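Scroll down for the structure; my scribbles are underneath it.
The values are calculated or read from the model by the stated rules, or taken from the named source; none is laboratory data. Because the structure is predicted, anything quoted here is derived from the model rather than measured. When we count neighbours, we look across all protein chains shown, and the Cβ atoms used for this are built from the backbone with ideal geometry, even at glycine.
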Amino acid sequence: MFKFLADFLPIIIVGLSLGSLFGLVGLAFTVIINASQLVNFAQGDFAMFGVAVCWFALTVLNVPLWLAFPLGVIGAALFGLLTEKAIITPLQRRGARPFTMILGTMAIGIIAAGAVGAYTKFWWMKINPFLGSEPWKLKKLPIDHQGVMIIFATVVLVIGYWVFLNKTRLGLALRATGFNRDVSILLGIQTAKMVGLSFLISGVISGIAGILCAPLSAFNAVQGLPLAINGFIAVILGGWGNPYAALLGGITLGLVRALLTGYLSSAYAEMATFFVLIIVLTLRPQGLFSRFMIPESKKN
Amino acid sequence: MLNVEEISKDFGGLRALHQVDLVVRAGTITALIGPNGAGKTTLINLISGVYGPSEGTISFEEKRIDRFPPHKVAEIGIARTFQLTKLFEGMSVLENVMVGAHPWARNSRFFPTVLHLPKVRRERNDICEYAMKMLKLIRVEHLANVPAGNLPHGQQRLVELARALTTKPKLILVDEPAAGLNLHEEGMLQEALKSIVDTGITILLVEHHMRLVMRISHWVYVLDVGKMIAHGTPEEIGKNPLVVKAYLGKEY
Amino acid sequence: MKSMLSMRRISWLITGGFILTSFFVHGSNAAAAEPKPINIGFSCDFSGVTAWEGNVEFPIFEMAVKELNAAGGINGRPIKLHVLDNGGDPSKTVGTLKVIKDANNCVASYYGINSASGIAAKAWADTNNIPIISCGPLSDKLIQRKGKAWFFRSNLSTSVGAEVILGRIKELGYKRVGFMGSTQAMGTDCLSYLQENISKFGLELVGSVLCEPNSKDLTIQAKRLRDTNPEAVIYSNYAADSSVWARNMKTLGWQPYVTTGVGLGLFSAIRDITPPDLLEGWESVAQIDFTRPEIKMIWDKYAAYTGRRSDDEKPPRTWDGAHLLFEAIRLGGNPDDPTAIRDGFYKIKNFPIVSGPPGAKGSFEIGRNYLITPKECTMVVIKSGKFAMVQRKK
Amino acid sequence: MVSRVKRDFIVLFVVLGMAAVLPLMVREIYLYLVRLIGIYAIMALGLNIFMGYCGQVNIGVAGFFCIGAYIPTVLQGKLGWHYLIAFPISAFVSLLVGWGMSWPLLRLRGHSMAIGTIAFAMAVYLLFERFPTITGGSDGTVVPAMTLFDQTMGNIFYYYLILVFFAVAFLICYFLANSQIGLALRAVRDNEEAAAAMGVDINHYKRLAWLVNGVLASIAGSLYAQQAGFINPDTFALSTNVLVLVMLCVGGPGTILGPVVGAAIMTILPYLLVKIQQYTLLMQGLVLFAVLRFLPDGVVGAISKRFRST
């Protein structure tokens, strides 16, 4: 019995910390989905860009971490805003089809990856664990503080976003925009500004996610898309346009992977997640935890 | 020709239609009137198979059709237009109308098409000609090559009619055609409907405005909050106190 | 109408491009330099995930060629490089090699870094009879035991590395060995070699775990391996996952002796990515002894030539590759005949190389188409974040 | 209408004719490029039917590409079957796979469909990567050269093979696009409800387009494997999906020639940039961005518009 627990607990912990990372990226997706029913395939590249800025500040400008971190986040946020101004709004004005929008965001992602890659020669952008590599000791049970930080940040950001969405005028406006653009225009909400705002917030979140997970493993210019896909899987597993569902979906994904790694083999864990995704899409397209469904936009 | 018997439709807890009966006789213009939210469009959607009824049956020429998917309904000869016009905006008017030929375009299967067999080419030309003929019938042939997205509202309705006709239907469901038309366009519409009936096609006209209905329909049904409250000739309906109360009462 | 018009327009464009192309081709055919140069193709990964390798290897090779040409070339004939990017993609690599052969009628071809592309290149070389010298790929699938090979290698091979590791572990007196590697060939090849040969060294493989590329957390695998309590751990994985692995071992409070057979090139990448204190005491097989003056010289040359430093194995092994190729051409006698050059490689005897311990000599022989044997191998250890040579008892 | 078809054909045959005599005039490198263009064009043509005409989203082309490349290779290498037998089998397999996947995937819409198709492609990719004993794993595997009348086929042969398949694929897509089926597909794209009311069986046509897309991609894969001589899973990773999307979008979705032009542009671009390889990715991104932003209907769309307006 104890043996079983000793095997089981670490798996759960790993699942949680991985899952909350995916959940965080999923949340970043959800912010944009809530405001404009868009899926932003450059999400991971927001994170990547944040990491790049942070790394640049640390290694080239030699600024301390407490300054480099916010710089990176700001970088990601501005990049998000730029994305919206550069391609999202123009395409939406034109009433482009969904796959054009997808490609639009992809284009931004490719450009970011290409630019950063050209500067770093696709070499790794190394950021050390924030609190050094010595793990915390809790009654000589070692704890990986980087993972703890990710879980913590995730919880805080999800709650913060919930408060913002439900308790502030701006948040309500954001929700209204996502729910029904025309009506919210009638209500005098500047929808364009709202979409911009959503990209800004989403940039912040994914920036934080990226910089927090960069020390876990090496991060380079082309690592954005895989991260984004995991985040998006979290969104689909959880539930479309529902922040908590995205988090739950992320944790489910993390746990599934950890369990597969623990009890099957790590060689098939990733493959299995995609099969799981297809099954979920077939049986429950609205997601596992979608307590409410925001209808997809007419354009789809 | 079309028999709707004791149809009911629930959305969640809300009952949109309650025990509705309706009969359309071949070769006539039958009108279905009623105030907004009476359930007219719901009934049309039930007949055209957009969704199935909660209770009751719909039969067309003695054939049960209430579980048919929309494309099947279209194939057995019931065409429709939409209250909010739904043209294919990426195509020209002619192409829009040609889509209508789908139910009888039997030769345009996959392999014959990719092999570009003569019968397919012939059929394509037939379709093209037939579509032009329908456009002429509705008197909009001059618009043939205009992108459908660029048309004014009134003409879009007419094109939709032509498109519906191209399916070679026995019955056309026309959903609020006069909504948002000016007098001139309404006149054109009236002409169009008349000429359609003259070709022997039956029309079920769903309308909100009395004027058009009173002028052209042979038989009128009145629907109010999901119930059929009266039916008869336009004259009878005009006199019917129930209708005046339920319907015109709201108008004036 | 749309389609027809655009179609006609396009056809004009195509005709135009067509005519231009043929002109261009004609022109480029006419161009020929005096004295007739020896064409050498250079296919390497400048883009893609292994791009940094190409960006180091190419300048070194180019530098060697320039020096050679400045010194009068081979028998008075300069060497002309034809550079192509293979993006680290095998089928693209084959494409570039085809181009190198047919378009620029090259006699010999230099190939860059990653194993998959290497295997593709070897297959191509064997069918097209063009000698290839390569200095990146680790895979054992590139070893040709019988007959004369067309594909040669100036760097470490997985099995050679593994052999050295096992020797070292034995030397340190450990018995129980654990293995951690990539789910990709780099890990699986090494594992299968160990499973076959470890008993010969009187050691025991007690446990092995694999991990997917770019894993974010390897605690589970690390725990699994620890539970088999090995005394020494062999790490055969890409640099990207090293930091995860090292950190998770630390988290488990488990720090056995870790060694890798990946060579200094990858080992320094591992050091670049991972917090150095996590790597304290890690050892790796290498093919250079950086206390040797030649190495220093090459590193400085590279820095002077490119303006950035790459103080690891790549410059020296590329340097060796280039000079072995030149020597083979020289010994082959006929710079225009690929077969002669191939035989030239086998004529190389006791050629002084910068790899290996001081005074190392290099050669190829039938059944061994790779340069580095266990006796050319050295070992480096990470002491307080810096590399240090391991002094091994003979 | 008929006369227009005639004129298109004349143009098509002029182009094909020029392509046919090309090997006599230019060197291997250009033939190599043309082969790649042909292969990618076949893939993009199929994708165009599904995305450009039927208006659905598919970021999983590489899945079929992978199947088409690996199955003949394995059948040849492991079982020693002849390529000309293995080739159709792979096409048939991807037909079946496509049929199977159509049930879960075609029920989705828009972005869900995007991620669903990505998942499909990734699953296939990992399937072929993680079973090294059969497929050679991440190291990839040599594709046995095809022999005909016991002599090995060379580049020129593959050039003509690809040319033929390209011509066939182009004609198929051309006839589809200019037929009642083409109209039905576009109807589904523009307004599903109205299409259904006109008697168009939406699911049937979505599946049709999806299968055309899949089979063409698989054929492209088989050709790619043969002419490349070596394949490994990375060739079929996510980037390929994106590349084909980019080709389609640059050329012009929903136009007949779009895929071909797009394939040509995106294939030649990296070779023009050979001196600045590390910017290849950046360039692709910028091209895609510029096209999306300023040429909504892609290059071909823009050109034909120019013609209509003048």
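If the condition is being at the interface with chain B (Cβ under 9 Å from one of its Cβ atoms) and without any contact (Cβ under 8 Å) to a residue 12 or more places away in the chain, then the range D:172-196 contributes D:175, D:179, D:180, D:183, D:191, D:193, D:194, D:195, D:196. Put simply, of C:178, C:136 the only residue that is of a type outside the set (Lys, Arg), assigned to a loop (DSSP other than H, G, I, E, B) and more than 16 Å from residue C:284 (Cβ to Cβ) is C:136.
Can you pull out every residue in the range B:93-106 that is over 19 Å from the mean Cα position of the chain (by Cα) and either surrounded by fewer than 18 Cβ atoms within 10 Å (Cβ to Cβ) or within 7 Å of chain D (Cβ to nearest Cβ) (or both)?
Correct list: B:95, B:105, B:106.
Just one of the listed residues (A:236, A:279) is over 20 Å from the mean Cα position of the chain (by Cα), over 22 Å from residue A:147 (Cβ atoms) and within 12 Å of chain D (Cβ to nearest Cβ), and it is A:279. Checking the range D:13-30 against the condition returns a match, with at least one residue being touching a residue at least 24 places away in the same chain (Cβ under 8 Å) and surrounded by fewer than 17 Cβ atoms within 10 Å (Cβ to Cβ).
Yes/no matrix, rows are residues, columns are (1) crowded, with 17+ Cβ neighbours inside 10 Å; (2) farther than 30 Å from residue B:105 by Cα:
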| position | (1), (2) |
| --- | --- |
| B:163 | yes, no |
| B:172 | yes, no |
| B:184 | no, yes |
| B:193 | yes, no |
| B:200 | no, no |
| B:217 | yes, yes |
| B:231 | yes, yes |
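Could you pull out the residue among C:194, C:205 that is of a type outside the set (D, E, K, R), more than 14 Å from chain A (Cβ to nearest Cβ), free of Cβ contacts under 8 Å to residues at least 60 places away in the same chain and under 17 Å from residue C:160 (Cβ atoms)?
On inspection, the qualifying residue turns out to be C:194.
Of the residues examined, residue B:58 is one that is within 25 Å of residue D:203 (Cβ to Cβ), more than 7 Å from chain D (Cβ to nearest Cβ) and more than 14 Å from the chain's Cα centre (by Cα). Taken as a whole, the range C:337-357 holds no residue that is modelled with pLDDT under 85 and either under 24 Å from residue C:166 (Cα atoms) or more than 22 Å from the chain's Cα centre (by Cα) (or both).
Within the bounds of the range A:203-216, is there any residue that is touching a Leu at 6+ places or on another chain (Cβ under 8 Å), farther than 27 Å from residue A:75 by Cβ and within 14 Å of another protein chain (Cβ to nearest Cβ)? The answer is no, given that none of the residues of the range A:203-216 is touching a Leu at 6+ places or on another chain (Cβ under 8 Å), farther than 27 Å from residue A:75 by Cβ and within 14 Å of another protein chain (Cβ to nearest Cβ). Could you say whether any residue in the range B:240-247 is buried (at least 18 other Cβ atoms within 10 Å of the Cβ), under 30 Å from residue B:6 (Cβ atoms), touching a residue at least 40 places away in the same chain (Cβ under 8 Å) and more than 14 Å from the chain's Cα centre (by Cα)? Yes, the range B:240-247 contains a residue that is buried (at least 18 other Cβ atoms within 10 Å of the Cβ), under 30 Å from residue B:6 (Cβ atoms), touching a residue at least 40 places away in the same chain (Cβ under 8 Å) and more than 14 Å from the chain's Cα centre (by Cα). Being in a helix (DSSP H, G or I), surrounded by fewer than 23 Cβ atoms within 10 Å (Cβ to Cβ), in contact (Cβ under 8 Å) with a residue 12 or more places away in the chain and not acidic (Asp, Glu) holds for only one residue in A:200, A:174, and it is A:200.
Do we have residue D:253 as without any contact (Cβ under 8 Å) to a residue 60 or more places away in the chain, of a type outside the set (D, E, K, R) and not in a helix (DSSP H, G or I) here? Criteria not met by residue D:253. Of the residues making up the range D:108-143, those that are in contact with a Leu (Cβ under 9 Å, 6 or more places away or on another chain), within 9 Å of chain A (Cβ to nearest Cβ) and under 16 Å from residue A:237 (Cα atoms) are D:108, D:111, D:112, D:113, D:114, D:115, D:116, D:118, D:119, D:120. Restricting the range D:63-104 to residues that are over 19 Å from the mean Cα position of the chain (by Cα) and of a type in the set (A, V, I, L, M, F, W, C), the residue that is nearest to residue A:100 (Cα to Cα) is D:103. Taking residue D:288, is it in contact with a Gly (Cβ under 6 Å, 6 or more places away or on another chain), modelled with pLDDT of 85 or more and not hydroxyl-bearing (Ser, Thr, Tyr)? No; evaluated as a whole, the condition is false for this residue.
If you go through the range A:111-139 and keep only what is in contact with a Phe, Trp or Tyr (Cβ under 8 Å, 6 or more places away or on another chain) and at the interface with chain D (Cβ under 7 Å from one of its Cβ atoms), you end up with A:111, A:114, A:118, A:121. Only one of the numbered conditions (1) surrounded by 24 or more Cβ atoms within 10 Å (Cβ to Cβ); (2) in contact with a Cys (Cβ under 9 Å, 6 or more places away or on another chain) is violated by residue D:228, and that is (2). Check whether at least one residue in the range A:184-200 is among the polar types (S, T, N, Q) and closer than 30 Å to residue C:278 by Cα, and report yes or no. No, the range A:184-200 contains no residue that is among the polar types (S, T, N, Q) and closer than 30 Å to residue C:278 by Cα. Looking across the range C:161-180 at every residue that is small (Gly, Ala, Ser) and either farther than 25 Å from residue A:269 by Cβ or at pLDDT below 90 (or both), the one that is surrounded by the most Cβ atoms within 10 Å (Cβ to Cβ) is identified as C:161.
The rows are residues; the columns are (1) outside any helix (DSSP H, G or I); (2) not aromatic (Phe, Trp, Tyr).
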position: B:88; (1), (2): yes, no
position: B:94; (1), (2): no, yes
position: B:98; (1), (2): no, yes
position: B:103; (1), (2): no, yes
position: B:106; (1), (2): yes, yes
position: B:122; (1), (2): no, yes
position: B:125; (1), (2): no, yes
position: B:136; (1), (2): no, yes
position: B:142; (1), (2): no, yes
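For the range A:45-67, the count of residues that are more than 20 Å from residue A:221 (Cα to Cα) and within 13 Å of another protein chain (Cβ to nearest Cβ) is zero. For the range C:237-328, the helices (runs of 4 or more DSSP H) that sit wholly inside it and include 3 or more residues that are surrounded by fewer than 22 Cβ atoms within 10 Å (Cβ to Cβ) and at pLDDT 90 or above are C:293-306.
On the given criteria, is residue C:155 within 26 Å of residue D:141 (Cα to Cα) and assigned to a helix (DSSP H, G or I)?
Details: within 26 Å of residue D:141 (Cα to Cα): yes; assigned to a helix (DSSP H, G or I): no.
No: the conditions fail for residue C:155.
In the range D:249-279, the residue that is nearest to residue D:31 (Cα to Cα) out of those that are buried (at least 24 other Cβ atoms within 10 Å of the Cβ) and within 9 Å of chain A (Cβ to nearest Cβ) is D:249.
Any residue in the range B:73-86 that is free of Cβ contacts under 8 Å to residues at least 24 places away in the same chain and within 11 Å of chain D (Cβ to nearest Cβ)?
Checked against the condition, which is being free of Cβ contacts under 8 Å to residues at least 24 places away in the same chain and within 11 Å of chain D (Cβ to nearest Cβ), the range B:73-86 yields at least one hit.
In this structure, residue D:199 does not qualify as farther than 30 Å from residue B:83 by Cα and within 11 Å of another protein chain (Cβ to nearest Cβ). Can you pull out the residues in the range D:231-240 that are surrounded by fewer than 24 Cβ atoms within 10 Å (Cβ to Cβ) and more than 7 Å from every other protein chain (Cβ to nearest Cβ)? Hits for the range D:231-240 are D:237, D:239, D:240.
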